[in-house]
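Novice: The structure is given below, and queries will be raised subsequently.
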Amino acid sequence: MPSVKVLAQRQEQRGSRFTGGHSLCSGCAEPMIVRTVLNTIEDPVVVANATGCLEVASTRYPTSAWNVPWIHTAFENAAATIAGVEAAYKALVRKGKIDRKIRFVAFAGDGGTYDIGLQALSGALERGHDFLYIVLNNEAYMNTGVQRSSATPRGANATTSPAGSVIPGKPEDRKDLTEIVVAHRVPYVAQASVSNLIDLANKVEKAIKYEGPKLINVYSTCPLGWRTPWDSAVKIAKLAVDTCYWPLYEVEEGRYRVTYKPKEKLPIEEWLKPQGRFRHLFKSEKGKELIAELQEAVDRHWEELLMKERCTQGEG
Amino acid sequence: MRRRKGCTLAVELRSWKELPIGGVVPGGATPELNKTGSWRSQRPIWDSEKCIHCLMCWLHCPDDSIFIKDQKVTGIDYEHCKGCGVCAAVCPVDAIEMVPERGGAR
């Protein structure tokens, strides 16, 4: 399992695969995730990147922050593109033109995965291409100005679901993409967070050992859209993990395992309070009722997850 | 600074006829051309005496701006550091202090 020293050693040996000088916001969590994922993989990598913050900010022409082969795809087809690259690679291997092991990674945001890219992702998962799909989940369309996506939590203020006197933020619950992917019966699915980067590195290492489609849904703080201080990326994500709002778990060939169980499960308010997008919830009776409902939903999902772990780990 | 052999940056081209096929961006030119250090309003100051070289700052730096050598921190890249302060927030021994920036990037 890679420790931080091992990751540092790999970056020192081959240079940075994702360099500084990109124009992502100060304190953005996405580059932390991208660097950790690319440092963890030892083999050569080809990256497909759906439209989103990461793509726009890392490749302002004529510059590129990527020191690996990189393809920009439209919003909806990161999975289809990486599947095509992987199919071409397999054909070249068959013809004896390539003999190296190459890994294929797709990066996309929650908008490009939960909403727009879901069909392409589902198709690629079903066809069984050998790739790793990383979701940079910052819970809204941050690149275009914080519009709600289907990953946005209930009650959050977004520009297309503004909080007012009648409606307290987004009225709908978020979608559970990780479970949708689990339902495709792929070899490896996991949830990770920017607050636990070594846990993410372990998951990446485990994932690439499997042949076939793999997905890791990574919780990625957006200080701009969530209206939190610039240095809070790790702190807020940690609170999401400790309140069990964003549990860290993996599903390896159908077997669930929770990789981090907080010693003390914090109340959901601890995570809601520091974020400007939930500020309105603390000001009205309606908001307080919604917080109670959110807490109930988190508790239910956490219990469900623990039960799934017990049921699937039982037989070993 | 890594620059691939025989690579001409697009800004150095004399005419559009020299553009690479498909508008391909010659690799890894961002650090040379985008000095994002000018964004900074707070400057991280690293204390080498307090540092225990756990590399948490390096791991979390969004701008790859912590210099390391032989898995030890050696300094901060002020040309690209945007001054977000994540390094100071994750440091377990408070070896990085954020001070207000005066006079812009160096």
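The values are calculated or read from the model by the stated rules, or taken from the named source; none is laboratory data. Just so you know, these numbers come straight off a predicted model, no measurement behind them. Cβ atoms come from the backbone with ideal geometry, glycine included; neighbour counts cover every protein chain shown. Please note that ligands, DNA and RNA were not included when accessible areas were found on the heavy atoms of the full protein model with its side chains. Shrake-Rupley method; radii C 1.70, N 1.55, O 1.52, S 1.80 Å.
Novice: Of the residues in region A:79-99, how many are more than 27 Å from A:V135 (Cβ to Cβ) and of a type outside the set (A, V, I, L, M, F, W, C)?
Specialist: 5
Novice: Here's something else I'd like to know. Please determine whether any residue of region A:259-268 is hydroxyl-bearing (S, T, Y) and within 23 Å of A:S26 (Cα to Cα). Write out each step before concluding.
Specialist: Keep residues of region A:259-268 that are hydroxyl-bearing (S, T, Y), which gives A:259-260.
Next, from what is left, pick out any that are within 23 Å of A:S26 (Cα to Cα): none.
So far as region A:259-268 goes, no, none of its residues is hydroxyl-bearing (S, T, Y) and within 23 Å of A:S26 (Cα to Cα).
Novice: Mind listing whichever residues of region A:147-164 are touching a residue at least 12 places away in the same chain (Cβ under 8 Å) and open to solvent by 30 Å² or more (accessible area, probe 1.4 Å)? Show your work before the answer.
Specialist: So the first thing to find is which residues in region A:147-164 are touching a residue at least 12 places away in the same chain (Cβ under 8 Å), and the list is A:147-161, A:163.
Across region A:147-164, the qualifying residues are A:Q147, A:R148, A:R154, A:N157, A:T159, A:T160, A:A163.
Novice: What single numbered condition from (1) in contact (Cβ under 8 Å) with a residue 40 or more places away in the chain; (2) crowded, with 24+ Cβ neighbours inside 10 Å; (3) within 10 Å of chain B (Cβ to nearest Cβ) fails to hold for A:L7?
Specialist: (2)
Novice: Within region A:74-97, is even one residue open to solvent by 10 Å² or more (accessible area, probe 1.4 Å) and within 14 Å of another protein chain (Cβ to nearest Cβ)?
Specialist: Start the filter on region A:74-97 by keeping residues that are open to solvent by 10 Å² or more (accessible area, probe 1.4 Å), which leaves A:74-77, A:80-81, A:84-85, A:87-97.
Subsequent filtering for residues that are within 14 Å of another protein chain (Cβ to nearest Cβ) retains none.
Checked region A:74-97: no residue is open to solvent by 10 Å² or more (accessible area, probe 1.4 Å) and within 14 Å of another protein chain (Cβ to nearest Cβ).
Novice: Answer yes if at least one residue in region A:91-110 is closer than 20 Å to A:I236 by Cβ and in a helix (DSSP H, G or I), and no otherwise.
Specialist: Initial filter on region A:91-110 (closer than 20 Å to A:I236 by Cβ): A:109-110.
With the extra rule that they be in a helix (DSSP H, G or I), the set shrinks to A:110.
Yes.
Novice: Right, next: Given the conditions (1) assigned to a strand (DSSP E or B); (2) open to solvent by 60 Å² or more (accessible area, probe 1.4 Å), and given that B:G75 satisfies all but one, which numbered condition is not satisfied?
Specialist: Of everything listed in (1) assigned to a strand (DSSP E or B); (2) open to solvent by 60 Å² or more (accessible area, probe 1.4 Å), B:G75 misses just condition (2).
Novice: Filter region B:78-97 down to the residues that are open to solvent by 10 Å² or more (accessible area, probe 1.4 Å), in a loop (DSSP other than H, G, I, E, B) and more than 7 Å from chain A (Cβ to nearest Cβ) and list them by number.
Specialist: B:Y78, B:E79, B:C81, B:C91, B:P92, B:V93, B:D94
Novice: Across region A:41-65, which residue is farthest from the other protein chains (Cβ to nearest Cβ) among those that are touching a Lys or Arg at 6+ places or on another chain (Cβ under 7 Å) and open to solvent by less than 40 Å² (accessible area, probe 1.4 Å)?
Specialist: Once the filter is applied, the top-ranked residue is A:I41.
Novice: Now for a different question. Is it the case, given these coordinates, that A:I33 is touching a residue at least 24 places away in the same chain (Cβ under 8 Å), open to solvent by 50 Å² or more (accessible area, probe 1.4 Å), of a type outside the set (D, E, K, R) and within 30 Å of A:V146 (Cβ to Cβ)? Outline the logic, then answer.
Specialist: Working: touching a residue at least 24 places away in the same chain (Cβ under 8 Å): yes; open to solvent by 50 Å² or more (accessible area, probe 1.4 Å): no; of a type outside the set (D, E, K, R): yes; within 30 Å of A:V146 (Cβ to Cβ): yes.
Against the criterion (touching a residue at least 24 places away in the same chain (Cβ under 8 Å), open to solvent by 50 Å² or more (accessible area, probe 1.4 Å), of a type outside the set (D, E, K, R) and within 30 Å of A:V146 (Cβ to Cβ)), A:I33 does not qualify.
Novice: Out of curiosity, is A:I180 surrounded by fewer than 20 Cβ atoms within 10 Å (Cβ to Cβ) and part of a helix (DSSP H, G or I)?
Specialist: Working: surrounded by fewer than 20 Cβ atoms within 10 Å (Cβ to Cβ): yes; part of a helix (DSSP H, G or I): yes.
So A:I180 fits the description; yes.
Novice: Next question, about the same structure. Scan (1) facing chain A (nearest Cβ under 7 Å); (2) under 21 Å from A:T19 (Cα atoms); (3) part of a helix (DSSP H, G or I); (4) at pLDDT 95 or above for the single condition B:C57 breaks and write down its number.
Specialist: So B:C57 meets the others, but not (1).
Novice: What single numbered condition from (1) modelled with pLDDT under 95; (2) more than 7 Å from chain A (Cβ to nearest Cβ); (3) open to solvent by 60 Å² or more (accessible area, probe 1.4 Å) fails to hold for B:I45?
Specialist: The single condition B:I45 does not satisfy is (1).
Novice: Turning to a different aspect of this structure: In region A:193-203, what count of residues is obtained for those that are in contact with a strand residue (DSSP E or B) (Cβ under 7 Å, 6 or more places away or on another chain) and either open to solvent by 10 Å² or more (accessible area, probe 1.4 Å) or in contact (Cβ under 8 Å) with a residue 60 or more places away in the chain (or both)?
Specialist: 4
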